[in-house]
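**Q** Here it is, the structure in full.
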Amino acid sequence: MLITDKFIFLHLPRAGGTFVYDVVRKFFPSAREIGYHFPRELLPAEYSHLPILGVIRNPWEFYVSWYEHVRPRNTASIMFSWLSDNGTLDFIGTTRNALNLGTDNERLDVLIERLPEHVDYSRRNIPNITKDSMRKVRGTGVGYYTFRFNQLFGNADDVFFCRLDSLRQDLVAFFDGIGVATGELRDYVLRLDKQNTSEYTHASDYYTADLAELVRIQDRQLVERFGFTFDGHASENTCNAAA
């Protein structure tokens, strides 16, 4: 989470956060990080009046980006290890487990036992999901992406969301809306190179028809709210996403 004197940015994993961090730190000297992937429920009360910025991406593309980002780097992480059966499952098997996060109580109990009671959000590359937050997913039927969205944003009705496939334009619209956009800021946002990119083929190449449908069902809260579709083609922004 980045806090400035004008707004707050909540960083949803694999959804353009590195790009936004770069912009905010360059143009807002008051910006400070109070926790990486810090959830809104922990926001200090003195900042609760500030507008909140977030970035959302297509769920089908999220799972590809997440898998390709974590698999080469940290398959031993608590969450990925549990989802991938200690790295033995491919994208289809791992993502199926992620989508069925809260449907197998016995298996979920194993994950909860491995997770920490508390998280030090000042540290990065750590399991930033607690036992208590994971207990809340039991019986909800939501996929991993929807779980992370709800965990981070809570009641997100008042959050301004940029879509990753139109991130630059939406970010400028947010800055215009709160009265902080300048010509220099607009130019920088629209020209800045992508950050923390991952190269892979179209998201559609990773999915079977059944798995694609499971995303639509388990992440329907986000699919319906933001009008996402699985069209077989990833946009330029979403195929090479910032983290």
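**Q** Could you go through segment 101-117 in sequence order and give the Karplus-derived ³J(HN,Hα) for each residue, using 6.51 cos²θ - 1.76 cosθ + 1.60 with θ = phi - 60°, rounded to whole Hz, and x for Gly and Pro?
**A** 3, x, 9, 10, 4, 5, 5, 5, 4, 5, 5, 4, 4, 7, 6, x, 6
**Q** Cα centroid distance between segment 47-108 and segment 130-159, in Å?
**A** So the separation of the two Cα centres works out to 13 Å.
**Q** Could you list the square roots of 5 times each eigenvalue of the Cα gyration tensor of the chain, that is, the equivalent ellipsoid semi-axes, sorted largest first and rounded to whole Å?
**A** Values: eigenvalues 168, 91, 51 Å².
That gives 29, 21, 16 Å for the three semi-axes.
**Q** In whole Å, what are the Cα extents of segment 1-104 along the three principal axes, biggest one first?
**A** 46, 27, 24
**Q** What size of dipole, in debye to the nearest 20, comes out for the chain about its Cα centre when the only charges are +1 on Lys and Arg C-beta atoms and -1 on Asp and Glu C-beta atoms?
**A** Values: 27 positive and 32 negative charges, 81 e Å.
Charge dipole of the chain: 400 debye, to the nearest 20.
**Q** Separate question: Can you pull out the trypsin sites (Lys or Arg not before Pro) in segment 143-196 that DSSP calls coil and that have at most 16 other Cβ atoms within 10 Å? Spell out each step's value before the answer.
**A** Details: sites: ARG148, ARG163, ARG168, ARG186, ARG191, LYS194; in loops: LYS194.
Those that pass, being in a loop and sparsely packed, are LYS194.
None of the figures in this text is laboratory data; all of them are computed from the coordinates on show. Source: prediction; values computed, not measured. Every residue, glycine among them, receives a Cβ derived from its backbone with ideal geometry; neighbour counts consider all protein chains shown.
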